Each structure stands twice: as structure tokens, then as C-alpha cells.
Amino acid sequence: MGRRFIQPAAGAQRGNAELPGPLAEDSHWAGERRSAAGVTALLYTALLALDAGFGELDTIRAALWTGLAALVFVILLPLRVSVRPGLLIARGLLVEHSVRTDRLVSVRWSDGVAQRMILRDAEGGLVEIDPTVLVRNPAMWRRFDADSRISVQRGTLLCGATALRQLAERIDRETARAVFKVSGLQ
């Protein structure tokens, strides 16, 4: 067999990969993966059709467009985020990272085109996720929130209480908006 490029989770390296408890996963990940594949297939088809239409398509150009389509897919494919008691895991195409949510040291926002939340634990684990994953998955948020409160109580969370409060307020707003919409008040 060939070599596996997937690295073990940081939690697995630290001996806590088998934490007990239910696993909450991003319920929208499969749809986002399909969207990434669809956009990639559309781009690939358009590039091949344009080249063929202009009579420029050959093996080298087809290989170039194939490589470009693969690169676009890798860029668009979102991380698969899951949460279990005490652990948040983010799996990419080739790597997996985890952070102990009950031993958080810092929670920061990364500004840019796409807002990210950067989590660091006391054991050196680092995970960068899109906060909307927690916003749109209530089970994941409840588990993460409970564990982050443990970090605050233990005094390990040195930086990031404000970021967590902002995220909690955002989730409360989204929940209220959804309740009003379902009840017909919006």
C-alpha cells in the first residue's frame, strides 16, 4: 500500500483522541462539499469546452485544466468540523487538527475576507475554524460552549472571553431570528 498523508490529530498525539461522549458534526458539510465539487466541475467543463471550441485543446492543456480544477476543489473544500466532550476536531483533505475545548488558552478572531476563529489549548493544539459552523449547528455550539465555560472556570482561558461572548450573542440573535420566522412574527 502507498503512504498515508493524513497526520494523526493533535489530540491523538497527546493521548486524548478517545474521549468519551457523543460526537456532534457539521450537518451542512456534505452540501458544501457537493457545492465545491459542482463549482469545480463547472469550471473544468467550461475550460475544456472553450479550448475545444477554439481548437486549442491538446493533452498538455487538458492536463493543465485538470490540475487547475483539482486546485480549485482543494481550496473550496471546507474543513469537516466535529465536537465531542472536551475536543474539537477539524479535518481537512490531508490533515487533521484538534484542540482540547475544556483546556482552552486563547480564542481569537482572524480578520480578513472570511472571518475565522482561532482556538489554542494548553497542550499546544491549534485549530482555525469558520465560526458559522458553530452558529448553524446547535448541538456543536452547546458542547463547545459548555467546554469553553470549563476553561474559564479553571482559569486556563487567558485571552478570548470577549470573542466567545461575541459568538454567543451572534448565536442568540440567529436563534431569535429563526424563532420569529417560524412563528410568523418576522
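Quick note: the coordinates plus some simple rules give every number you see, no bench work behind them. All figures in this text were calculated on a predicted structure; none of them were measured in a lab. Quick reminder, even Gly has a Cβ in these numbers, built from the backbone with ideal geometry, and neighbours come from all protein chains shown.
Summary table
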| quantity | calculated |
| --- | --- |
| Cα-derived Rg over Rh, computed across region 85-127 with Rh taken as Kirkwood radius | 1.00 |
| Calculated over the chain: convex hull of Cα atoms, volume per residue (Å³) | 173 Å³ |
| Beta bridges by DSSP in the chain, antiparallel share as percent, to the nearest 5 | 95 percent |
| With at most 10 other Cβ atoms within 10 Å, longest stretch of the chain clear of loop chymotrypsin sites (Phe, Trp or Tyr not before Pro) (DSSP) | 55-186 |
| Loop-resident sites, region 56-125, for GluC sites (Glu not before Pro), counting at most 14 other Cβ within 10 Å (DSSP) | 56 |
